[in-house]
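Below: one structure, written as structure tokens.
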Amino acid sequence: MGEPLSAAGRAALEGGDFAGARRLAAVRMADPSGKAEAYFLLGIADAEAGRVQDGIRQIEQAVALAPHGEYRAQLARLYALVRRDGDAAATLHAAEAAPPADALGRDTMGCVYARLGDHDAALPHFVAAVDLAPENDQFRYNHAATLSFLGRTEEAEAVLEVILDRAPNDARAHHLLAGLRKQTPARNHVERLRAVHDRSSPGRDRLLTGYALVKELEDIGDSAEAFERLVAINSVHRAALAYDFARDAAIFDAVEAAWPLVRAPVGEGATEAPILVIGMPRTGTTLVDRILASHPGVESVGELQALPLAFKAAAQTRSRTVLDPETVLAAGGRDAGAIGRDYLARAAHHRRTPGLRFVDKFPGNFFYAGIAARALPNAAIVCLRRNPMDTVLANFRNLFAIGSRYYDYSYDLLDIAAYYARFDRLMAFWREALPGRILELSYEALVADQEGETRRLLAHCGLEWSDECLNFHAHSGAVSTPSAAQVRRPIYRDSVARWRKHAAALAPVHTWLEAQGIAVD
């Protein structure tokens with residue numbers, strides 16, 4: 001069945017020498033026993049040059065000739081890149097019979113499992129990668145991140161300290177470490193973070209170490225210095241962004257304009273009943289996801305991109321972004337039933353127990369609430385609402401995916417206020433267009449009356465009462481959002497009216513929101 005990847009080929013790939021990999025491929029292609037490796041080398045070289053579909057076809061041929069674990073690991077990675085999650089999952093499962101013998105292959109399998117949301121399956125591969133290449137801090141970081149998602153905080157801390165002992169300026173390690181738990185005056189990394197932040201390079205590293213320092217300062221009670229530093233850090237980063245709120249406003253406008261085009265499904269509609277938890281980020285969506293996932297009849301699949309991708313596929317637009325006005329308007333008139341079926345097919349690859357209801361807690365699905373209501377007639381939709389001032393502050397305090405343009409609004413307080421106001425208007429639009437279809441759940445009400453609001457939540461979702469939902473913090477499922485540490489605690493009130501600590505600095509936001517007719521107190 002051919003030789004597994006040679007040392008020379010592996011060295012070329014790991015070193016980024018893709019021209020060298022192509023030369024090796026040409027040599028191996030002439031030898032019938034080397035064709036599988038040749039196809040593999042060509043596939044990786046194509047993918048790294050941006051020709052991912054060509055790369056997939058080449059590696060598929062390699063796997064057909066020699067189904068080695070390392071070939072399958074890289075094929076799964078490319079499938080995941082083009083959002084073929086089902087093919088990625090199937091390829092990973094096939095690779096488990098004979099997983100890669102090299103550290104990169106095992107790390108790749110772990111990364112793809114993690115991308116699919118299966119952190120339990122990812123963990124042993126990251127452990128193996130670290131065992132095979134203990135000097136590689138990237139593999140070790142991936143191990144620590146997965147431990148953190150699984151709630152194994154002490155183990156994650158130990159792994160991160162190994163990285164920082166060897167690489168004291170590793171910004172990602174500092175940022176992950178700060179977020180693992182609430183720091184205390186007796187146990188924190190504040191002084192170390194001050195020094196690291198001061199010597200961090202401008203850009204991504206300075207942003208990561210700055211947010212880590214701000215988080216730990218807040219944890220130990222120094223909220224004034226934390227906020228002052230946060231304003232400075234975000235101001236520098238905002239100045240480097242070519243962001244204009246008009247770009248986001250155009251998407252909101254398109255969603256409302258497209259609504260009259262959306263019709264009930266043609267033919268048979270989707271019969272399953274997923275639960276969509278939506279809302280502005282950092283408003284309690286993870287908390288509600290954990291409450292629901294604690295119910296014996298429900299599982300969480302995390303934050304899926306399944307609905308945005310099904311919507312984009314229906315639109316058939318060629319724009320580079322998943323969500324843009326052109327796509328929204330194009331998809332509005334498409335068959336809602338087909339979108340619903342596509343969504344469920346994509347979501348199926350993330351489910352562990354198909355007989356259970358599932359929760360998709362991607363907050364940004366508020367853009368798609370209308371199409372979801374039509375495409376998924378049995379779905380329950382829950383929108384988290386939080387005090388506008390706390391919502392603005394929480395978005396300002398959270399470092400979202402740095403490279404994602406969808407969160408560019410989050411580095412300036414008035415940009416966030418404008419985004420919130422437009423979100424609030426969209427929710428009012430859905431309230432009128434879909435009366436009773438979306439449960440708007442107040443974060444503050446849930447904190448004040450956990451059982452009463454949980455009963456409302458379960459009733460809206462068509463679920464019987466379960467005492468387990470009150471003990472959500474004991475639920476063992478993975479959490480891969482910035483709220484991971486918080487939702488492993490019982491409900492607490494620390495975050496309610498947090499904005500008042502910074503009332504003076506937030507006064508312009510307060511004034512602006514009031515001028516928009518939004519109640520802020």
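Tabulated results
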| read-out | value |
| --- | --- |
| Sole residue being more than 23 Å from the chain's Cα centre (by Cα) and closer than 21 Å to Ala418 by Cβ, chosen from Ala239, Ala232 | Ala239 |
| Test for Gly452: is it more than 24 Å from Glu514 (Cβ to Cβ), small (Gly, Ala, Ser) and outside any loop (DSSP other than H, G, I, E, B) | yes |
| Enumerated helices (runs of 4 or more DSSP H) restricted to the stretch 323-421, each holding at least 2 residues that are open to solvent by 30 Å² or more (accessible area, probe 1.4 Å) and touching a Gly at 6+ places or on another chain (Cβ under 8 Å) | 336-348 |
| Number of the exception - Arg425 against (1) open to solvent by 50 Å² or more (accessible area, probe 1.4 Å); (2) modelled with pLDDT under 95 | (2) |
| Among residues of the stretch 477-520, those that are assigned to a helix (DSSP H, G or I), at pLDDT 80 or above and closer than 15 Å to Asp219 by Cβ, counted | 2 |
| Residue in the stretch 19-42 that is at pLDDT 90 or above, among the aliphatic types (A, V, I, L, M) and open to solvent by 10 Å² or more (accessible area, probe 1.4 Å) present | yes |
| In the stretch 43-72, the residues that are among the β-branched types (Val, Ile, Thr) and modelled with pLDDT under 90 | none |
| Cβ-Cβ under 8 Å pairs, at least 6 apart or on other chains, the stretch 231-251 side of a type in the set (Ser, Thr, Tyr), far side modelled with pLDDT of 95 or more and not in a helix (DSSP H, G or I) | Ser235/Asp412 |
| Selection within the stretch 160-180 - farther than 17 Å from Gly210 by Cα and touching a helix residue (DSSP H, G or I) at 6+ places or on another chain (Cβ under 7 Å) | Leu160, Val162, Ile163, Arg166, Ala167 |
| Count of residues meeting criterion [at pLDDT 95 or above, under 21 Å from the mean Cα position of the chain (by Cα) and closer than 19 Å to His143 by Cβ] in the stretch 81-118 | 9 |
| Any pair with Cβ under 7 angstrom, 6 or more apart, that starts in the stretch 33-44 at a residue that is free of Cβ contacts under 8 Å to residues at least 60 places away in the same chain and ends at one that is polar (S, T, N, Q) | Glu37/Ser6; Tyr39/Gln58; Tyr39/Gln61; Leu42/Gln58; Gly43/Gln58; Ile44/Gln74 |
| Lone unmet requirement of (1) within 22 Å of His174 (Cβ to Cβ); (2) in contact (Cβ under 8 Å) with a residue 40 or more places away in the chain for Ala226 | (2) |
| Test for Val63: is it surrounded by fewer than 18 Cβ atoms within 10 Å (Cβ to Cβ) and β-branched (Val, Ile, Thr) | no |
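The values are calculated or read from the model by the stated rules, or taken from the named source; none is laboratory data. Computed from a predicted structure; not experimentally measured. All Cβ positions, even for glycine, are placed from backbone atoms using ideal geometry, and neighbour counts span all protein chains on display. These area figures cover heavy atoms from the full protein model, side chains too; ligands, DNA and RNA do not enter into them. Shrake-Rupley method; radii C 1.70, N 1.55, O 1.52, S 1.80 Å.
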